[in-house]
Amino acid sequence: MALPPHGYRATKPRARSAQTGDPLLFEDTSSGAPDMNSQNYYESGYSIGSGAVGGQGPGGVNNLFTDPVANAAMMYGSSIANQGKDMVNKEISRFMSVNKLKYFFAVDTKYVIKKLLLLMFPYTHKDWEVRYHRDTPLTPRHDVNAPDLYIPIMAFITYILLAGMALGIQKRFSPEVLGLCASTALVWVIIEVLVMLLSLYLLTVHTDLSTFDLVAYSGYKYVGMIFTILCGLLFGSDGYYVALAWSSCALMFFIVRSLKMKILSSLSADSMGAGANVKPRFRLYITVASAVFQPIIIYWLTAHLVR
């Protein structure tokens, strides 16, 4: 007598055991996935689809917030976050004053327009003195002669974007080249500020110029650089050199007149005596050198973008 097929022998005992009610060694999963709720996976927790299961009800979430242990953990986490925030602010305050930094960003639209016109057409401006109120300089929005950091930062970002556009027009764009332009421009500002601070320190020139003031005056060159690049892209090399000459002369005039009020306006008591005639001369040299250095940087950072 021939044996039945192997498949028949595999299915026949399974059907017979299901009919007789005998326990199976392994559960039959061939007919489909088992019901998740039949396995009691969510019997003691929350239901994914319909809310709470297991008798907890809607109040289970509220119990989490009324639990004293959870409240204590939340309070402890908040205190740690506050301590970390205070520590970060304390470390920042060691190197810079946040309130003083806010002063350089107290600008409005009217000030920005006036400042841009002053940077490009400084020859008709008469009053260059920074105004004070109770020994405190007025904010930039109330005094166009006050230095700010908003225009230099925005001009720096615009210069990077414009440099990327110029490189793209010339089919020379790459992230590496754009990164090199940005890092070079930033390094030049840092070097210029450090040289200025070192010169003032070595020559013992006492002035109310702060590091932020020097960064602001050094960053104003990006306005002239943007104007120069735009003229070079629109009108070629001739337009580039005309714009370079105009922006360089305007910036030098602006720097001399602005720093003159900061460096040359008042002589400190220690300059009186044997070196009384030397100190004003040194101050004049610093002012003129910082102004003459600006066109060189403008040409260095813009010439390769216009061809």
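Below, the figures for the structure above:
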| quantity | calculated |
| --- | --- |
| Residue check, Lys171 outside any helix (DSSP H, G or I), open to solvent by 90 Å² or more (accessible area, probe 1.4 Å) and under 23 Å from Ser290 (Cα atoms) | no |
| Top-ranked residue of the stretch 130-163 - restricted to ones that are part of a loop (DSSP other than H, G, I, E, B) and loosely packed, with under 12 Cβ neighbours inside 10 Å, ranked as nearest to the chain's Cα centre (by Cα) | Asp135 |
| Complete set of residues in the stretch 113-129 that are open to solvent by less than 80 Å² (accessible area, probe 1.4 Å) and in a helix (DSSP H, G or I) | Lys115, Leu116, Leu118, Leu119, Met120, Pro122 |
| Of the criteria (1) touching an Asp or Glu at 6+ places or on another chain (Cβ under 8 Å); (2) open to solvent by 50 Å² or more (accessible area, probe 1.4 Å); (3) in a helix (DSSP H, G or I), which one His206 fails | (3) |
| Residue within the stretch 251-263 that is in a loop (DSSP other than H, G, I, E, B) and more than 23 Å from Ala106 (Cβ to Cβ) present | no |
| Top-ranked residue in the stretch 100-112 [being among the hydroxyl-bearing types (Ser, Thr, Tyr) and buried (at least 16 other Cβ atoms within 10 Å of the Cβ); ranked as nearest to Phe253 (Cα to Cα)] | Tyr111 |
| Count of residues meeting criterion [touching a helix residue (DSSP H, G or I) at 6+ places or on another chain (Cβ under 6 Å) and modelled with pLDDT of 90 or more] in the stretch 197-215 | 2 |
| In the stretch 236-262, the residues that are more than 21 Å from Leu200 (Cα to Cα) and small (Gly, Ala, Ser) | Gly236, Ser237, Gly239, Ala243, Ala245, Ser247, Ser248, Ala250 |
| Test: residue in the stretch 160-168 that is touching a Lys or Arg at 6+ places or on another chain (Cβ under 8 Å) and of a type in the set (A, V, I, L, M) | no |
| Some residue of the stretch 257-275 being under 20 Å from Pro122 (Cβ atoms), modelled with pLDDT of 85 or more, surrounded by fewer than 20 Cβ atoms within 10 Å (Cβ to Cβ) and of a type outside the set (Val, Ile, Thr) | yes |
| Top-ranked residue of the stretch 178-201 - restricted to ones that are exposed (fewer than 14 other Cβ atoms within 10 Å of the Cβ), among the aliphatic types (A, V, I, L, M) and within 23 Å of the chain's Cα centre (by Cα), ranked as nearest to Leu116 (Cα to Cα) | Leu186 |
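The values are calculated or read from the model by the stated rules, or taken from the named source; none is laboratory data. No experiment lies behind these values; they were computed from the predicted model shown. We place every Cβ from the backbone using ideal geometry, glycine too, and count neighbours over all the protein chains shown. To get the accessible areas, we keep the full protein, side chains included, count just its heavy atoms, and leave off ligands, DNA and RNA. Shrake-Rupley method; radii C 1.70, N 1.55, O 1.52, S 1.80 Å.
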